[in-house]
Every structure is written in structure tokens, then in C-alpha cells.
Amino acid sequence: MTDAPHLIEVRNLVKRFPIGGGLFSRSHKVVHAVSDVSFHIARGETLSLVGESGCGKSTVGKCLARLIPLTEGEITLDGQRIDGLSRSQMKPVRKRLNVVFQDPFSSLNPRMTVEDLVAEPLRSHGMARTRAERHARVGDLLEKVGLAREAMARMPHQFSGGQRQRICIARALASEPDIIICDEAVSALDVSVQAQIINLLMDLQKDLGLALLFISHDLAVVEHMSDRIAVMYLGRIMEIADRESLFRHPRHPYTRALLSAVPLPDPEADRDRAVLTGDVPSPIDPPSGCFFRTRCPMATDRCAAEVPALRDMGAGHMSACHYAEDV
């Protein structure tokens with residue numbers, strides 16, 4: 001991680017999805033997918049978003065990439081507001097910000113060759129004007145992600161899942177971006193292939209100075225590759241800290257529960273278990289105050305009345321808990 005000014009700033013991001021009340025109902029409800037989320041990413045840094053399925057982490061990534069509109073909040077790239085840009089104004093921004101999705105097969109057009117798929121950003125951004133230039137550039141990109149140049153002439157279905165994800169990464173690199181959003185980019189792969197893709201991303205980041213927003217539910221993967229980690233629950237950030245601080249001294253009860261559920265290599269190892277009771281509340285009708293209070297063993301009346309602020313506990317370790325000092 002560098003000490004350069006923040007590449008990405010997200011301030012008070014809110015995303016709500018309206019839903020109808022049915023054919024004969026006039027009531028309309030709202031899904032509170034993301035609620036007042038703020039964070040930053042520095043150049044060359046990996047920030048990981050973790051949490052249970054449905055916590056809103058992928059929605060944050062899609063808002064950041066402007067694949068869906070924000071309800072409220074601000075997003076800046078190098079100090080420039082991008083949340084209100086039109087489609088045409090977003091084109092130069094998209095050159096600098098790319099996405100690698102979870103399913104590598106559905107991300108690739110099955111009727112296009114690998115060469116055409118990877119060359120698409122080059123054509124779109126006018127980075128290689130002749131076919132010969134594009135051909136050479138695609139070959140270089142494939143080699144960079146560990147594939148042979150001969151793969152250019154083949155179709156996506158002729159590759160394994162891990163190889164298809166390498167093609168997606170090559171396509172994301174084609175426009176020479178500053179940041180790549182990896183939305184569960186390894187969760188659909190076998191464990192051994194996951195390790196290969198993670199190592200590839202880390203090598204590319206080191207070589208190219210990329211920033212990564214790594215979205216995952218797998219804390220073991222996140223621990224291996226993150227500089228900082230943000231823990232989400234029901235659309236809110238519960239805790240943000242550097243990797244070592246978060247894993248050694250979590251300051252939020254939810255983070256402690258997540259970490260205690262991570263399998264250890266030694267099944268006989270002794271450790272404290274933080275077992276959660278109850279179910280995750282509905283994002284249509286979230287609890288008052290702290291969203292986590294309905295499952296928190298430390299909850300008090302204050303937790304139902306006040307939304308806890310994301311406070312700095314020291315050295316940039318932020319926790320959204322009224323009683324973080326006691327955790």
C-alpha cells in the first residue's frame with residue numbers, strides 16, 4: 001500500500017431498491033441494500049469487503065462501477081465526482097475502473113473468440129487502432145495472465161473455469177485500469193484454482209500498481225491478500241481495519257463471530273467460539289438503532305435507540321459498536 005492520496009473515495013453511499021406491493025396492493029416497500037457506507041482505497045491497495053450473503057457488498061461494488069445508480073452519496077476517483085456522470089461522460093472513467101465477476105462463463109460472450117473478447121476494450125477506448133496492434137496486445141495480455149498466445153483463436157467453452165477467469169482478468173487489464181473490482185472472483189472455482197487466481201492477482205497488482213476492491217465471503221482468502229478489510233452486515237459497515245489488526249483484535253461482536261467460524265488447520269485447536277443466534281433481519285424492515293443488535297450478545301437498550309457511529313479506535317481501526325472498548 002502506498003502513502004499517495006486516495007484513489008477512490010466513497011462517502012455516505014445509500015442504495016435502496018423499491019419493490020411493488022402486488023397486483024391489488026397499493027403499498028410499496030423498499031429494500032435497504034446499502035446504508036450510509038463510507039470508505040477509501042489508496043493506489044496499489046487491496047481493500048476487501050466481507051460479510052454474509054445478502055449483506056450488500058456486491059451492491060457496493062456495482063454502485064462503485066456505476067453499473068447501477070446510487071440512491072444517495074458520493075463517489076470520487078482521483079478527486080473527481082463520478083456518481084453523477086452521464087453514460088458518455090463515464091467512458092474515460094471506465095477505462096480506469098474495471099470489474100471481474102463471479103461467473104467467468106456468463107461474463108464471456110460464447111460466440112466471440114478469446115482474441116475478440118480481450119480486444120474489445122482496446123477497440124472501445126481507441127488504444128490499438130490496427131488489427132495487428134490489437135493482435136499483439138492481446139497476446140501479451142494472455143501471457144501476462146498465464147495463458148498461451150495460441151488461446152486467442154479458441155472459444156470460451158474450450159477452457160476450464162480457472163482459464164476463463166484468467167481471460168476475464170486479461171480483458172479487465174486491457175484498458176490499463178487503476179483499480180479492478182473483483183466481485184466474488186474466485187468463489188465459483190475449485191480451491192486449488194482459487195489459490196492460482198489469487199496469486200495471479202497479487203502478482204499483477206505488484207507489477208502494475210493496481211488497486212483492488214476484493215469482494216468475498218471467504219475470510220481465509222481475504223486474510224491472504226488484503227491490506228485492509230471492511231466487514232459488512234445488513235448493508236452497513238461494522239468494522240474497518242488493517243488485516244493484522246482485524247484478525248488479531250477484532251473490535252466488533254459480528255467480526256468476532258465471523259472469525260470464530262473460520263476453520264482451523266488443527267481440528268483439536270482450542271479457541272473461543274462466538275456463536276450467533278437468530279436469523280439476519282429483513283433488509284425491507286431493518287431493526288432500529290444498530291442493525292446487529294437482534295443477534296448481538298452485548299446488546300442493550302441504547303443499541304435499539306442509537307445508530308452506532310463508525311469510530312476510530314486507534315491507528316485507523318474503525319468499529320461501529322457502542323461498546324467496542326469492551327470487546
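The values are calculated or read from the model by the stated rules, or taken from the named source; none is laboratory data. It should be emphasised that the depicted structure is a prediction, and the values quoted were computed from it without experimental measurement. Ideal geometry is used to build each Cβ from the backbone, glycine not excepted, and the neighbour counts take in all protein chains shown.
For this structure, a couple of remarks:
- Residue identified as among the acidic types (Asp, Glu) and either under 25 Å from residue 280 (Cα atoms) or in contact with a Cys (Cβ under 6 Å, 6 or more places away or on another chain) (or both) among 143, 176, 133, 223: 223
- Wholly within the stretch 169-285, helices (runs of 4 or more DSSP H) carrying at least 1 residues that are closer than 30 Å to residue 127 by Cβ: 191-208, 219-225
- Residues being under 12 Å from residue 318 (Cα atoms) and under 15 Å from the mean Cα position of the chain (by Cα) - total across the stretch 202-238: 5
- Count - residues of the stretch 158-184 that are within 26 Å of residue 42 (Cβ to Cβ) and either buried (at least 19 other Cβ atoms within 10 Å of the Cβ) or polar (S, T, N, Q) (or both): 17
- Candidates in the stretch 305-316 are the residues that are outside any loop (DSSP other than H, G, I, E, B) and under 29 Å from the mean Cα position of the chain (by Cα); of these, the one that is surrounded by the most Cβ atoms within 10 Å (Cβ to Cβ) is 311.
- Pairs with Cβ under 9 Å, 6+ apart, first in the stretch 306-326 and more than 12 Å from residue 291 (Cα to Cα), second assigned to a loop (DSSP other than H, G, I, E, B) and β-branched (Val, Ile, Thr): 319/327; 322/300; 323/300
- Within the stretch 205-223, considering residues that are touching a Lys or Arg at 6+ places or on another chain (Cβ under 7 Å) and crowded, with 17+ Cβ neighbours inside 10 Å, the one modelled with the lowest pLDDT: 223
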